[in-house]
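What follows draws every value from the coordinates through simple rules; no lab data is involved. This one's a predicted model, so the numbers in the text were calculated from it and none came from an experiment. When we count neighbours, we look across all protein chains shown, and the Cβ atoms used for this are built from the backbone with ideal geometry, even at glycine.
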Amino acid sequence: MKKSASFWNKKLFLYLTILVFLSTFSFITLDVYTQSRHSETKKADAIVVLGARQIGGQPSPVFRARLDRSYELYRSGLASIIILTGGIGKGESFSEAVAGKNYLISKG
């Protein structure tokens, strides 16, 4: 049984589509990986820390990581002020900004 040219064209199109998809995916993955390893820290007027969950006045691990990084940048002289954001969550008595402020003050 002889296969038609249309069949081979469809198969070639499918292979080319898969090749383009995998090439694009690989390029994007490599680019994201490369950029994630590269720091472009520059002197700025302020460091803005976005709020994240706090529990009983203590920053969550994600929030703590943001605060620690902002503290490192501040101590290295890249900015002279840290601006904290974040509101009061449901059932909480502290805002995320206040929890962050207290955490940074405790670090010095």
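Odds and ends about this structure:
- Residues in the stretch 17-37 that are under 24 Å from the mean Cα position of the chain (by Cα) and of a type in the set (A, V, I, L, M): I28, L30, V32.
- Within the stretch 97-106, at least one residue is of a type in the set (S, T, Y) and crowded, with 16+ Cβ neighbours inside 10 Å.
- Subset tally (residues that are in contact with a strand residue (DSSP E or B) (Cβ under 9 Å, 6 or more places away or on another chain) and assigned to a helix (DSSP H, G or I)) for the stretch 28-64: 2
- Boolean, T29 is of a type in the set (S, T, N, Q), surrounded by 10 or more Cβ atoms within 10 Å (Cβ to Cβ) and in contact (Cβ under 8 Å) with a residue 12 or more places away in the chain: no
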